[in-house]
Amino acid sequence: TIVIQEPLTIVGDKGVTYDRGRGKKGWFLLGNNVGTAFDLGNNRTYSTVYDRVEKTSPNPADFWTIKNIGIKTDVGVPKRTQNGISFTNQHNGAERGIYISEVSMKSLDKCIHIAEQANPNYWVTVATLNVNNSVLTESKYGVYAEGRSYQTAIEGNQIEQNYEASIYGNFDGTFRAVNNIIEGSQKSGIVFKSVLKAGNGPATQAIIESNYFEALKDSCIDISGNRQCAY
């Protein structure tokens, strides 16, 4: 696992691919005993007082960019046991400005993962999560938000052949899923599971347009599990 605490840009040398047949070279291969490829913002320090020298702030206002990277399990490693890009930091402000573009992920547990909160006083939160022109396939989940994803835009992706769902989790604020291919041998397409945590009452404005759904075993769009979220 590569743990990166400061906001940055990660740019690979290969564009997105569906990986049919031999696929592309230049994959970031996950070996045994690796939990996730990139853990962004993990255990970064925070404070209630802004300090430029110590790099602490009550509101991190971070910007992360990940582009042109392929992540999948290595040969011989059990599939759907590892994560691609995770956000796990427990703090009192959101990771702001997440741009994931032209990324390929395959055979993972969660391709893009916002972790569950461990500290009852703080959310694991990303704000303005943008995922576009990417391929998330043959995993358990494409985008999985156990923590809170506020202002989410998932546009122009192939999110398919995943075991459980393409997009799943705790989405608050505006949620956009536009021009995606969501299909193939998985239980559900888009699943909303927003719940009350740390005094926050999630309210979702879901904008779902011009997507292609095919061959889902359960639902294209599932909001049946929500009793505390306003839509």
Task: Charge context of Gln205, other residues only, Cβ under 11 angstrom, K/R +1, D/E -1 - done: 0
Open item on the list: What's the ranking of 216-223, 110-117, 96-103 by average number of surrounding C-beta atoms within 10 Å, highest first?
Closed with: 110-117, 96-103, 216-223
Open item on the list: Less than 11 Å Cβ to Cβ from Ser107, Lys/Arg counted +1 and Asp/Glu -1: what total charge do the surrounding residues give?
Closed with: +1
Task: Sequence-distant aspartates and glutamates (8 or more away, or on other chains) whose Cα lies within less than 12 Å of Lys25 - done: Asp13
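For a 27 Å ceiling on Cα separation, which of these pairs sit above it: Lys24/Lys193; Lys106/Lys217; Lys140/Lys193; Lys14/Lys187? Write out the running numbers ahead of the final one.
Working: Lys24/Lys193 35 Å; Lys106/Lys217 20 Å; Lys140/Lys193 16 Å; Lys14/Lys187 31 Å.
Where the Cα-Cα span goes over 27 Å, the pairs concerned are Lys24/Lys193; Lys14/Lys187.
Since every read-out is calculated from the coordinates, none of them should be taken as a lab result. No experiment lies behind these values; they were computed from the predicted model shown. Cβ: placed from backbone, ideal geometry, glycine included. Neighbour counts: every protein chain shown.
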